[in-house]
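So the structure is just underneath, and the comments pick up after that.
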Amino acid sequence: MDTGLKGKLVIITGGARGLGYASATKFALEGAEIVLADINEEMVKESAAKLHEETGAVCHAYRLDVSRVDEIKAFFAKIKADFGRVDILINNAGIQIRNDCLDFKEEDWDKLMDINLKGVFFCCQQGGLIMKDNGGGVIVNMSSSTAVRTTPGRAPYCISKAGVKNLTMVLSCEFAKYHIRMNAVAPGWIMTNMLQDGFRLGVVSDKQLMAAIPYKRYADMSEIADTVVYLCTDQASYITGQCIHVDGGQTALGLPDI
Ligand code: NAD
């Protein structure tokens, strides 16, 4: 099947590792040209080199802190100068800061919101301006199934991801006239360091989570990446403004993690 991804320029924020890198790998295998943008300059350079080695794709590395609007503007100006276009933008960079609501610090709130929500908005804005001039494009924002459920010690994180889900719905309507599609992906639990930390800290347990996930297993990163890539293909040409939950049925069941 021709996905229409061959030769497309795909920018992935927070692409140096984790879900961003997993998505980059799938795009690269579809013949896309990849730009990994990440706050960790050393890691992003290594990851771009590794991705090229693994897939043979043309891969570029840029340093970008998505919490800084001045850096976002400078980054997209450089992308415009270097490539003249942005075909696909994946706003994947995100962090979590765990703490009880009653102890949550203002600086942690600001840091989390600046990366997880403000950064997504301004990347959409700056990437969208280039897409508009070039007749269209596709954007996927990384939300989380925590956008619609409660998870212990992570209230601001959940709120930021609910913001990403809503931002996607709102901006998709504004951007449609420029032929820019925009969707979000909301992963459920994946067996990553994030989850292992939760087990170690005792804030969640395997038993609790298995009771809340109808599919009775955690997601594999590649299952999230497959959904990100699908939403950017020609086969998804009429899908916009949606948030696709990839969570083994957890949202459908509706049991909180606590
Ligand atoms: P990760 O921590 O493995 O990777 C995040 C990447 O973002 C890192 O490379 C990091 O250097 C980069 N980054 C951090 N701050 C940045 C900034 N200010 N500017 C640019 N880059 C920055 O995380 P992950 O597990 O791969 O998660 C990726 C996305 O998926 C996040 O938005 C996360 O909230 C979301 N998500 C993850 C899970 C999960 O279980 N892992 C579940 C739901 C949603």
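Working from Cα positions, state the angle (0 to 90°, nearest 10) between the long axis of helix 69-83 and the longest principal axis of the chain.
Roughly 40 degrees between the two axes.
Could you give the dipole magnitude of the stretch 13-92 about its Cα centre, charging the beta-carbon of Lys and Arg +1 and that of Asp and Glu -1, in debye to the nearest 20?
My answer is approximately 180 debye.
Expressed as a whole number of Å, what is the distance separating the alpha-carbon centroids of the stretch 189-258 and the stretch 58-113?
About 22 Å separates the Cα centre of the stretch 58-113 from the one of the stretch 189-258.
With only alpha-carbon atoms counted, please give the Rg and Dmax of the stretch 95-174, in Å.
That works out to 14.3, 47 Å for Rg and Dmax.
Which listed residue (G248, N141, Q235) has the Cα farthest towards the positive end of the charge dipole for the chain, taking +1 on Lys and Arg C-beta and -1 on Asp and Glu C-beta about the Cα centre?
Going by the charge dipole, the pick is Q235.
Would you list which lysines come within 17 Å of K8, measuring only between C-alpha atoms, while excluding same-chain residues fewer than 8 positions from it?
The reachable lysines, counting only those whose Cα sits under 17 Å from K8, are K26, K80, K132.
Based only on the alpha carbon positions, what is the Kirkwood hydrodynamic radius of the stretch 158-258, in angstrom? Mind dumping the intermediate values first?
Working: mean 1/r = 0.0666 Å⁻¹.
Radius from the Kirkwood sum: 15.0 Å.
Tell me which of I39, G84, H60 sits at the most positive position along the dipole axis of the stretch 1-117, charges placed on C-beta atoms (Lys, Arg +1; Asp, Glu -1).
Selected residue: G84.
Let me spell out the model: positive unit charges on the Cβ of Lys and Arg, negative unit charges on the Cβ of Asp and Glu, origin at the Cα centre of the chain. What dipole size does that give, in debye rounded to 20?
On the way: 27 positive and 31 negative charges, 88 e Å.
So the magnitude is around 420 debye.
From the P(r) of the stretch 66-216, can you give the percent of Cα pairs sitting at distances over 27 Å?
Of all Cα-Cα distances in the stretch 66-216, 30 percent exceed 27 Å.
Dividing the Cα convex hull volume of the stretch 21-104 by residue count, how many Å³ per residue is that?
Hull volume over Cα atoms, normalised by residue count, gives 118 Å³.
What is the helix-to-structure angle for 41-55, meaning the angle in degrees between its Cα long axis and the longest Cα principal axis of the chain, kept from 0 to 90 and rounded to the nearest 10?
70 degrees
Which chymotrypsin sites (Phe, Trp or Tyr not before Pro) in the stretch 201-258 sit in a loop by DSSP (not H, G, I, E or B) and have at most 14 other Cβ atoms within 10 Å of their own Cβ?
Those that pass, being in a loop and sparsely packed, are Y215, Y238.
Find how much the distance from L195 to F104 grows on full extension, using 0.36 nm per residue of separation minus their present alpha carbon separation; answer in nm with one decimal.
30.7 nm
When the chain is treated as a GNM, springs tying every alpha-carbon pair under 10 Å, which of P214, P156, P187 comes out with the largest mean-square fluctuation?
Ranking P214, P156, P187 by mean-square fluctuation puts P214 first.
Within the stretch 179-208, what residues put their amide N at less than 19 Å from the label point 7 Å along the Cα-to-Cβ vector of L29?
Label zone hits: 191.
Grab the DSSP H runs of the chain that are 4 residues or longer, score each as -39,500 (n - 2.57), total them, divide by all residues and round the 222 nm result to the nearest 500 deg cm²/dmol.
For the chain, the value works out to -14000 deg cm²/dmol.
Report the relative contact order of the chain, percent, no decimals, based on alpha-carbon pairs under 8 angstrom and at least 6 residues apart.
Dividing the mean separation by the residue count of the chain yields 19 percent.
How many percent of all Cα-Cα pairs in the chain sit more than 32 Å apart?
18 percent
Over the stretch 12-157, what is the mean sequence separation of C-alpha contacts under 8 Å (at least six apart), divided by residue count, expressed as relative contact order in percent?
Working: 215 pairs, mean separation 34.3, N = 146.
Result for the stretch 12-157 is 24 percent.
Extension gain Q125-Y178, at 0.36 nm per residue separation less the Cα-Cα distance, in nm?
17.8 nm
Helix 221-231 sits at what angle to the longest principal axis of the chain, using alpha carbons and giving 0 to 90 degrees rounded to 10?
The answer is roughly 50 degrees.
Since every read-out is calculated from the coordinates, none of them should be taken as a lab result. The shown structure was predicted, so the numbers you read here are calculated from the model rather than taken from an experiment. Cβ atoms come from the backbone with ideal geometry, glycine included; neighbour counts cover every protein chain shown.
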